[in-house]
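Each value in this text was obtained by applying a stated rule to the coordinates, not by laboratory testing. Here the structure is a predicted model, which means the values were calculated and not measured. FYI the Cβ positions are ideal-geometry reconstructions off the backbone, even for glycines, and counts take in every protein chain you see.
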Amino acid sequence: MLCTILRSNSIEVKHLTSSAYILHSCKSRPKSEMSTNTYTQGQSDSTVSAYKRRTAEVEAAFLLPHVRKTDNILDVGCGPGTITTGLAKYATEGSVIGIDLSREVIDSARRLAAVSDVPREGVGSVDFRVGNVLETLDHPDNFFDIVFASQVFYHLPLPDVPLQALSEIRRVLKPGGILATRDGMTQHFYPRRLDLDRLWVNHAERATLKGVPDMEPTAPSMPRLLRKAGFDVDGGKVRVQVGSSVTATAEGRRFLARRCTSQLQEGDAFRQSWIDVGISEEDINRTLAAVREWKQTEDAWHVVVQCEILAWK
Ligand SMILES: C[S@@+](CC[C@H](N)C(=O)[O-])C[C@H]1O[C@@H](n2cnc3c(N)ncnc32)[C@H](O)[C@@H]1O
C-alpha cells in the first residue's frame, strides 16, 4: 500500500510494503528524525548485473580529465564498485573509497575488487564501506579532492532529500574539490510504435518518483539544487553537460531486454516498486510483451540522455 500525504512546505511519503521503508522529507523535521533510505529498486541480480558492466572510462569520462594521481576520491552510492575500482587506476598516488547503503552490494564490490590489480590498502588503493550520504559521513570536513556519484541523485526525491546529500558532500569536499554527478534525465526506445516510452519509461519514472503527482525528476534540477547548496553557479563553478548511453546492437538488446524482463518478475523489488505506485498487472504484462518484441526487432535501439555535472567547491 502506498500512502502519500502532501502538506504545504513538506512532502511525506509512506510505503507500507513487506520490505517497508518510510521516507519523511519534511523541512521542519530535524535530520536525526528523518528516515534516510529512499532507494526502492533493490539489489537483485537482474538489477546489479547491469551496474557491474559499468566502467570509469564510460560513466566517468567527463570527470577523468580532472583526476590527478594524488586525488582522494569518494564514490557515493557505488553499487558493485566497478566504476570505483576503475577510478583508482587514475588516482595511483591517492585513494578511492566507495560507499553504499547496501551491505550486500558492498560485499559484492569487495569481491570484485579482490580480483582486480588495484591494491586494497595504502597508496593507490580502493576500499568499500557501508555508508549513507543522507547521514553524517565518517570523514572530516574538507577531506576529499573529488566526490563522484553515478545514478544516485536520480533516486533522491525532491525537494529536500538531494539537498541533504549535497550539504554532506560539500562538507567533505576540499575547497576547490570537484563534485561530479551523472544521472539519467530521460530515455527513449525506438521504434516508437512499440510504446515503450509509455510502458517502460513513464512507469519506471513514476515508480522512482514514488507516485507523487507532478514531482520533478531530480537530474534536471541539479543546477538549481547546486545553487541552493552553496555552489557558485554564476561564478562558473558549475558545468552542466549531457552525455548518452546507447544500446543499438543485437547483443545489447538481448542484455537490456533480459534485465528489464527479469526486474519485472514476481519477487523482484523493482517490480514491487511499480505495484506500490498502482501500476496494474495488466500494464506490467503489456510492458513485458513490448520489451520482448523490441528485443526481436532488427535495428531497434534505446538511448538514455545523461545529465553530467561538474561542480567546484
Ligand atoms: C542505480 S545504483 C548505481 C550504482 C553505481 N553508482 C553505478 O552507477 O553503477 C544506485 C546506488 O545508490 C545507492 N544509494 C541510494 N541511496 C543512497 C544513500 N542515501 N547513500 C548511499 N548510497 C545510496 C543504492 O544502494 C544503489 O546501490
Using a simple spin-label model with points 7 Å from Cα along the Cα→Cβ vector, what separation in nm is obtained for GLU121 and GLN296?
5.6
Mean shadow area of region 255-313 over all directions, Cα convex hull, nm²:
6.4
Provide the FRET efficiency to the nearest 0.05 for the ARG239-GLU282 pair, computing r from the beta carbons and using R0 = 35 Å.
0.20
Taking the alpha-carbon distance from LYS69 and a cut-off under 20 Å, which aspartates and glutamates remain once sequence neighbours fewer than 8 residues away in the same chain are dropped?
GLU57, GLU59, GLU93, ASP117, GLU121, ASP127, ASP145
Kirkwood Rh and Cα-based Rg: tell me the resulting Rg over Rh for the chain, rounded to two decimals.
0.95
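I need the calculated FRET efficiency for the pair SER262 and ASP107, taking r as the beta carbon distance and R₀ as 25 Å, to the nearest 0.05.
Step by step, r from the Cβ atoms, then E = 0.75.
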If you build a Gaussian network model of the chain, linking Cα atoms that sit under 10 Å apart, which residue out of PRO140, PRO223, PRO175 swings the most?
PRO140
Too-long pairs where the Cα-Cα distance tops 21 Å, listed order kept, from LYS228/LYS313; LYS52/LYS174; LYS52/LYS313; LYS174/LYS237; LYS174/LYS228
LYS52/LYS174; LYS52/LYS313
Give me the net charge for the shell around LEU226: Cβ to Cβ below 10 angstrom, other residues only, Lys and Arg +1, Asp and Glu -1.
+4
Can you work out D for region 159-313 in µm² s⁻¹ from Stokes-Einstein, where Rh is the Kirkwood radius over C-alpha pairs, the temperature is 10 °C and the viscosity is 1.306 mPa s?
91
Only Lys, Arg, Asp and Glu count, each charged at its Cβ (+1, +1, -1, -1), so figure out the dipole size of region 2-312 about its Cα centre, rounded to 20 debye.
220
Give the Cα extents of region 172-237 along the principal axes, in whole Å, largest first.
49, 26, 22
Where labels lie 7 Å past Cα in the beta-carbon direction, separation of ILE275 and ARG254 in nm:
3.1
Descending packing, highest mean Cβ count within 10 Å first, for 144-154, 57-67, 77-87, 159-169 is 77-87, 144-154, 159-169, 57-67
Suppose R0 equals 35 Å; then what is the FRET efficiency for ALA114 and GLU216 from their Cβ-Cβ distance, rounded to the nearest 0.05?
0.30
